[in-house]
1. Go through segment 9-31 residue by residue and tally those that are part of a helix (DSSP H, G or I) and either within 23 Å of E88 (Cα to Cα) or of a type in the set (S, T, N, Q) (or both).
2. Go through (1) within 17 Å of N109 (Cβ to Cβ); (2) modelled with pLDDT under 95 for G26 and report which single condition fails.
3. Inside segment 30-53, can you point out the residues that are closer than 21 Å to A77 by Cβ and among the small types (G, A, S)?
4. Before we move on, is E47 exposed (fewer than 14 other Cβ atoms within 10 Å of the Cβ), under 22 Å from Y108 (Cα atoms) and either of a type outside the set (A, V, I, L, M) or in contact with a strand residue (DSSP E or B) (Cβ under 6 Å, 6 or more places away or on another chain) (or both)?
5. Just the residues that are free of Cβ contacts under 8 Å to residues at least 24 places away in the same chain and assigned to a strand (DSSP E or B), please, taken from segment 61-114.
6. Just to check your reading of the model, which residue among T83, T68, T18, T100 is modelled with pLDDT under 95 and touching a Lys or Arg at 6+ places or on another chain (Cβ under 9 Å)?
7. Out of (1) touching a Phe, Trp or Tyr at 6+ places or on another chain (Cβ under 9 Å); (2) surrounded by fewer than 16 Cβ atoms within 10 Å (Cβ to Cβ), what's the single condition that is false for R17?
8. Confirm whether E40 is part of a helix (DSSP H, G or I) and exposed (fewer than 12 other Cβ atoms within 10 Å of the Cβ).
Amino acid sequence: GDEVLIGLAFCVEHTLRTSDLFGRIGGEEFCIVIPEADKEGTMLLIERIRSAIEALPFNFDGKQLKVTCSFGVVFLAEEIDSTMLLMECADKALYQAKETGRNKIVVYNDMPKDLLSETSKDNAG
């Protein structure tokens, strides 16, 4: 458990730029803030992190473990007007990534409108 989290954190920290922020927000969830980056550059960076984590060698009781990560990405947009909403949108994309096969990247801003409206309804109540 802890060995995997430490290895994952080390891998991510050494892939990010010095201007990027990375931290654990709880359990097995982390947050990366990538300021002043365009969509294409951000997606390349996230894919580089995803594939680097997938390639990490972990052994447990003499057995090789394959570790993968799912990513929920959200880009700032006019309708996302608070940090709380930003995190909720990223969380929605993360769970969509997990529900559709794991070890993938889902961008909230690219999700189908019916899934986006569920998030809007959740935030209204």
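The values are calculated or read from the model by the stated rules, or taken from the named source; none is laboratory data. Model, not experiment: these values are computed from the prediction. Cβ sites come from the backbone with ideal geometry, for glycine too, and all protein chains shown count toward neighbours.
1. Summing the residues that are part of a helix (DSSP H, G or I) and either within 23 Å of E88 (Cα to Cα) or of a type in the set (S, T, N, Q) (or both) in segment 9-31 gives 2.
2. (1)
3. Initial filter on segment 30-53 (closer than 21 Å to A77 by Cβ): 31-46.
Across segment 30-53, the qualifying residues are A37, G41.
4. Values: exposed (fewer than 14 other Cβ atoms within 10 Å of the Cβ): yes; under 22 Å from Y108 (Cα atoms): yes; either of a type outside the set (A, V, I, L, M) or in contact with a strand residue (DSSP E or B) (Cβ under 6 Å, 6 or more places away or on another chain) (or both): yes.
Yes, satisfied.
5. Residues satisfying the conditions are K63, Q64.
6. Result of the check over T83, T68, T18, T100: T68.
7. (1)
8. Details: part of a helix (DSSP H, G or I): yes; exposed (fewer than 12 other Cβ atoms within 10 Å of the Cβ): yes.
Taking the combined requirement at face value, the residue satisfies it.
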